């Protein structure tokens with residue numbers, strides 16, 4: 001490997017406020033992408049957040065389950081109300097609809113998909129009270 005190059009698995013340390021900004025940016029961009037995709041073809045309302053989002057959720061889940069649920073609560077809130085086009089989507093995004101799309105994005109080899117969905121259903125209301 002060339003000096004100065006890094007590997008995909010090399011850890012990066014960032015301050016908490018930077019980490020929180022990275023997560024917020026990921027959520028905002030993912031919500032934007034998902035809404036634009038679904039609004040472009042309303043007949044296909046699969047809320048696939050993309051593999052990058054799935055990788056991040058899986059990574060966060062493996063370190064702190066509650067932090068992963070908070071990330072998903074922010075994502076659901078964006079799909080439902082925070083994005084300027086959330087109201088254009090038609091029927092309100094359901095929690096199970098969001099979780100079904102997430103399952104498509106989780107990385108191969110991630111074996112906690114069912115646990116993540118079950119835990120999220122049980123705990124998300126602590127972060128987003130209107131989640132259903």
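For residue 33, state whether it is at pLDDT 95 or above and in a helix (DSSP H, G or I). Here the answer is yes, as residue 33 does meet what is asked. Taken over the stretch 40-63, the criterion of being closer than 14 Å to residue 23 by Cα and surrounded by fewer than 18 Cβ atoms within 10 Å (Cβ to Cβ) is satisfied by 52, 55, 59.
So that you can scan it fast, the table gives a plain yes or no per residue for (1) free of Cβ contacts under 8 Å to residues at least 12 places away in the same chain; (2) part of a loop (DSSP other than H, G, I, E, B):
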{"site": "10", "(1), (2)": "yes, yes"}
{"site": "54", "(1), (2)": "no, no"}
{"site": "57", "(1), (2)": "no, no"}
{"site": "67", "(1), (2)": "yes, no"}
{"site": "84", "(1), (2)": "yes, yes"}
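Restricting the stretch 108-132 to residues that are assigned to a loop (DSSP other than H, G, I, E, B) and surrounded by 14 or more Cβ atoms within 10 Å (Cβ to Cβ), which is modelled with the lowest pLDDT?
The qualifying residue modelled with the lowest pLDDT is 131.
Count of the stretch 37-52 residues, restricted to those that are without any contact (Cβ under 8 Å) to a residue 12 or more places away in the chain and either in a helix (DSSP H, G or I) or under 14 Å from the mean Cα position of the chain (by Cα) (or both), is 2. Set side by side, the residues 22, 95, 104 differ, and just one is touching a residue at least 12 places away in the same chain (Cβ under 8 Å), out of contact with any helix residue (DSSP H, G or I) (no Cβ under 6 Å at 6 or more places or on another chain) and surrounded by fewer than 19 Cβ atoms within 10 Å (Cβ to Cβ), which is 104.
The values are calculated or read from the model by the stated rules, or taken from the named source; none is laboratory data. Bear in mind the structure is a predicted one, so any value in this text is a computation, not a measurement. Glycine also receives a Cβ, built like all others from the backbone with ideal geometry; neighbour counts cover every protein chain displayed.
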